Amino acid sequence: GMGIILNNSGAVGGRHGMLIEWLNACCGIEVTAEASEITRSKLFERKGLSQAPGRPSLLQASGHANGLHKDTSNPSFILKTYDAVEARNYETIHKVDDGDPIQSFVGSYGGVETFDETDAASPDQAPKKFLRIGNLLASKENPCVMDCKLGTRTFKESEVTSKKQRTDLYANMLKLDPGQLTDEERNLGAITKHRFMSTRDAMSSSSTLGFRIGGICSQEGQRADKTKELQKLREASDIVPMLLRVLPSRICNDPQVSVRRRLARTKDIIRQLEELSAALQESPFFSSHECIGTSVLFVVDKETAHVHLIDFAKTEPLPDGIQIDHRSVWTPGNHEDGVLTGVESLLTLWNQALAVLQDEVASKMLVDQELARQTDQVEELLKANGVDTKALCSDKGRSHEELVWELQVERSASLELDGKGGIRRAVEIVKAWIIADAGPDEKGEMSPHVLMDEARQSPFARKLVAGESWEEALRRALSEQMGLTPAQQARHFRVEMSSYMMRHEERMGHARGRFPGLNSLYHVHEVDVHVVDPLHPELACMGLPRGGNFSTVLNFNLLLGSEVKHWSWSSKSETSHAARGTVAGFPRGSRPTEQTKVLPPTFSRQCSSPKDALLTKGLWPGTEMDSQSIDTKEHDVGFNCCITKDEGVPVRPGITRNYI
């Protein structure tokens, strides 16, 4: 028998490589390092968090947990655990007769609130005091917040001479960088607060730029991992793309609006940072205080961006006779804090970020022109083969542009004749049933659970790209979505090759979702993947071992936007996982003995290179008008396929076709 390959030639190294290759070939864009800070090495980075099934009601990018609470009596305020120094500073800043220039950047102040929490369960519990301060997220629609700690140091002068040894900070230093500890400190098992905080400042951008990013989060979850990404972030070239994560995510099917919003919000931030810098230099409060631990809080939604000053618990009046400029290098006793250095560095880097976005917008204009041309060609092809393109272009469905993206840039789909006078989309998918013993359950026992995509209520899955095997696609997906390196995957997952099978599904796109009016053929590689040790701490980011819900974020570039997925662990017995019998001609638990075979001259669908990926004799992409009737073990009836002549094509098991 002779065979064909439908979707698996023309290897391209990952989605980033595809994008760059397509930009270069189709649009003549040479992507340089300076113009692609967002599209370079950190294009796809997984951001995960473990959280309760509900989304958080108060966003807190950084700081001590449980420090903020809702003010149920007035949604314009929140309650923050009382601190006498911070209360005094809010009162000073908001004195009506002073009119300090920084008032507009500081949240409103509603005084001190005392709650009597005495109850039967804890009759001796003392009343609690809170600061009532402005809710900076009020009236915002799904905002994202970023906390940037200001200053070249985050410790107070008084903490430099303190000799108090703390075991908790020793534990923190072990996590930060155990190589920094001396033998004496290891023997003691404790360090001073100044030792820890000065080391943390030196290892971050605080010491060099006067600020560091403490956290970035939205209602969808964390957008940056504090330990893996933010803790040791020092270089401006790495900070610029991190700043851009606070901007609005993409809008599906409307990339132009996404681009305009990201540019507009960046300009809003730059304008307000300029105003903040001027206000600080004119502020009587700022000129007379040493500001330690103060932060700039960025609050951004799709329509607005605001810059605020927060955290004044360690802000103290300067000693008599001491003046500072908030820029000079700190030495013990001079009380310099470097806050203006931090604000000015933020302003500089946000201007660099704007330049990056504008460079990519110029590139995107060329991309849009090329995609528009190719979209018209695809529309003609679809119409010629009986597809209702009006349904495909509806607001509720996926657009022509997304189909062209799949075909030409991502190269994860093809169009082929269906043998019935029509045309269909063909996609190859790997579906992994990731199984772990999670719990304990109500009986106190661990039981098998399956990782499920909450939105789709389906197991972990990813489309293959041209030239990629299902094994390669699975490794890529676990790396991009879960942030697990190949070495970690090898340690923590066991792929059950005996469970492998391949099946084929043909479905018509429906009006509410996926490509309405266009038939799709899915070639699905299905396999079980077992978690070796759910208790391993490296898997805590996946909600293990308890099986908790968690979220992950793929941070793409300007063109691709970002994607947030919510995951849950469902009891294996409640999912559709089962031994599914004979599929694709092979019993479950068996595979063809020959992994690859080279055949005589055959017919094969080709993935052409980007520059040649144009309409040829009515088919798409890189195909000829040459139909052959094919019979397979997977299909009861023959079908016609878009194919081209090929010499000696290697055929992977499970997709071999036999000519009649």
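The values are calculated or read from the model by the stated rules, or taken from the named source; none is laboratory data. Quantities reported herein were computed from a predicted structural model and do not represent experimental measurements. Every residue, glycine among them, receives a Cβ derived from its backbone with ideal geometry; neighbour counts consider all protein chains shown. We work out accessible area using only protein heavy atoms, side chains counted, and drop any ligands, DNA or RNA first. Shrake-Rupley method; radii C 1.70, N 1.55, O 1.52, S 1.80 Å.
For Arg491, which of the numbered conditions (1) farther than 30 Å from Asn385 by Cβ; (2) open to solvent by 50 Å² or more (accessible area, probe 1.4 Å); (3) in contact (Cβ under 8 Å) with a residue 60 or more places away in the chain fails to hold?
Unmet condition: (3).
Here are some residues: Val299, Val257. Which one is surrounded by 18 or more Cβ atoms within 10 Å (Cβ to Cβ), under 26 Å from the mean Cα position of the chain (by Cα), at negative phi and not acidic (Asp, Glu)? Outline the logic, then answer.
Working: Val257 fails: surrounded by 18 or more Cβ atoms within 10 Å (Cβ to Cβ).
From the options Val299, Val257, the qualifying one is Val299.
Quick one: Gly67 ticks every box in (1) modelled with pLDDT of 85 or more; (2) open to solvent by less than 30 Å² (accessible area, probe 1.4 Å) except a single one, so which number is it?
The failed condition is (1).
Listed here are the residues, each with its yes/no results for (1) among the acidic types (Asp, Glu); (2) part of a loop (DSSP other than H, G, I, E, B).
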residue	(1), (2)
Glu380	yes, no
Lys383	no, no
Val387	no, yes
Gly419	no, yes
Glu428	yes, no
Trp433	no, no
Pro440	no, yes
Glu445	yes, yes
Ala455	no, yes
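Identify the single condition in (1) of a type in the set (Asp, Glu); (2) more than 27 Å from Gly548 (Cα to Cα); (3) under 21 Å from the mean Cα position of the chain (by Cα) that Asp453 does not satisfy, given that it satisfies every other one.
(2)
Kindly indicate whether Arg476 is of a type outside the set (A, V, I, L, M), over 19 Å from Ser568 (Cα atoms), open to solvent by less than 20 Å² (accessible area, probe 1.4 Å) and out of contact with any His (no Cβ under 6 Å at 6 or more places or on another chain). If you could, list the steps in order and put the result at the bottom.
Values: of a type outside the set (A, V, I, L, M): yes; over 19 Å from Ser568 (Cα atoms): yes; open to solvent by less than 20 Å² (accessible area, probe 1.4 Å): no; out of contact with any His (no Cβ under 6 Å at 6 or more places or on another chain): yes.
The answer is no for Arg476.
What is the number of the single condition among (1) at pLDDT 70 or above; (2) in a loop (DSSP other than H, G, I, E, B); (3) farther than 22 Å from Ser283 by Cα; (4) open to solvent by 50 Å² or more (accessible area, probe 1.4 Å) that Asp124 does not meet?
Going through the list (1) at pLDDT 70 or above; (2) in a loop (DSSP other than H, G, I, E, B); (3) farther than 22 Å from Ser283 by Cα; (4) open to solvent by 50 Å² or more (accessible area, probe 1.4 Å), Asp124 breaks only (1).
So Thr331 passes all but one of these: (1) outside any helix (DSSP H, G or I); (2) open to solvent by 30 Å² or more (accessible area, probe 1.4 Å); (3) over 23 Å from Met203 (Cβ atoms). Which condition number does it fail?
(3)
Taking the conditions exactly as written (under 30 Å from Ser204 (Cβ atoms) and modelled with pLDDT of 90 or more), does Leu137 satisfy them or not? Break it down stepwise before answering.
Working: under 30 Å from Ser204 (Cβ atoms): yes; modelled with pLDDT of 90 or more: yes.
For Leu137, the condition - under 30 Å from Ser204 (Cβ atoms) and modelled with pLDDT of 90 or more - is met.
Output the residues belonging to the range 183-235 that are out of contact with any Gly (no Cβ under 6 Å at 6 or more places or on another chain), among the small types (Gly, Ala, Ser), over 26 Å from Lys140 (Cα atoms) and open to solvent by less than 30 Å² (accessible area, probe 1.4 Å).
Selection gives Gly189, Ala190, Ser204, Ser205, Ser206.
Could you say which residue among Arg373, Arg398 is in contact with a Phe, Trp or Tyr (Cβ under 7 Å, 6 or more places away or on another chain) and at pLDDT below 80?
Arg398
If Ser277 meets every condition in (1) assigned to a loop (DSSP other than H, G, I, E, B); (2) touching a helix residue (DSSP H, G or I) at 6+ places or on another chain (Cβ under 7 Å); (3) surrounded by fewer than 19 Cβ atoms within 10 Å (Cβ to Cβ); (4) not aliphatic (A, V, I, L, M) apart from one, which number is that one?
Just one mismatch for Ser277, condition (1).
For the range 242-258, what are the residues that are in contact with a helix residue (DSSP H, G or I) (Cβ under 8 Å, 6 or more places away or on another chain), assigned to a helix (DSSP H, G or I) and at pLDDT 80 or above?
Met242, Leu243, Leu244
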